[in-house]
Amino acid sequence: MYKSILVPVDGSEGAKKALDVACQLANQADATLHLLHIPEELAHETTLVWGIGAIAIEASRQEREEIGKQVVDKAAEAARANGIQHVETVIGQGDPARTIISEARRRGVEAIVMGSRGLSDLRGLVVGSVSHKVSHVAECTVITVR
């Protein structure tokens with residue numbers, strides 16, 4: 001099984017489901033979960049899971065980063081509640097697909113587990129989803145959760 005798994009989390013329901021799957025995989029092999037959040041400027045207001053609230057369209061970069069820190073901390077809390085002992089959190093910057101791939105390489109993970117749709121659904125319909133891009137470029141296993 002996998003010893004090191006990267007899980008991009010954006011506060012969406014899809015990311016929460018992906019985290020659940022990653023926790024199941026990690027529990028089988030006492031793996032390390034690397035939880036990655038990349039604050040993004042969204043084209044629409046959205047509500048996040050884990051009881052954090054909503055990100056306003058006009059949120060500043062600092063506000064997005066603060067909310068992102070809450071998102072990754074809540075994801076780490078959820079992973080630990082699922083029995084995962086080795087959890088690392090990362091706040092990334094830049095294009096989500098490129099950042100996910102870069103972090104996966106840098107950390108030498110064996111798998112990326114991510115939701116098929118995240119918070120940037122609308123843009124994904126036009127230019128392609130982040131999960132689609134990652135699955136075509138990543139050098140490790142990519143598990144996309146619906």
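Each value in this text was obtained by applying a stated rule to the coordinates, not by laboratory testing. Keep in mind the model is a prediction, meaning the values are calculated, not measured. Reconstructed Cβ throughout: ideal geometry from the backbone, glycine too, with neighbour counts over all protein chains shown.
Excluding residues on the same chain fewer than 8 positions from Lys3, give the lysines whose Cα lies under 23 Å from its Cα. Lys3 reaches Lys16, Lys17, Lys74.
Around the amide H of Ile143, modelled in the peptide plane, lie the amide H atoms of Ile112, Val113, Met114, all under 5 Å away and 5 or more residues distant in sequence or on another chain.
Amide H to amide H, with H built 1.01 Å from N, Leu35 comes under 5 Å of Val7, Glu88, Thr89, Val90, counting only residues 5 or more places away or on other chains. With both labels modelled 7 Å from their Cα along Cα-to-Cβ, the Arg61 to Thr141 distance reads 3.7 nm.
Applying the Karplus relation 6.51 cos²θ - 1.76 cosθ + 1.60 with θ = phi - 60° to the stretch 138-146 yields 3J(HN,Hα) values of 4, 8, 10, 5, 10, 10, 9, 9, 7 Hz, where x marks Gly and Pro. Entry note: the stretch 68-116 has Rg to Rh equal to 0.97, where both radii use alpha-carbon atoms and Rh is the Kirkwood radius.
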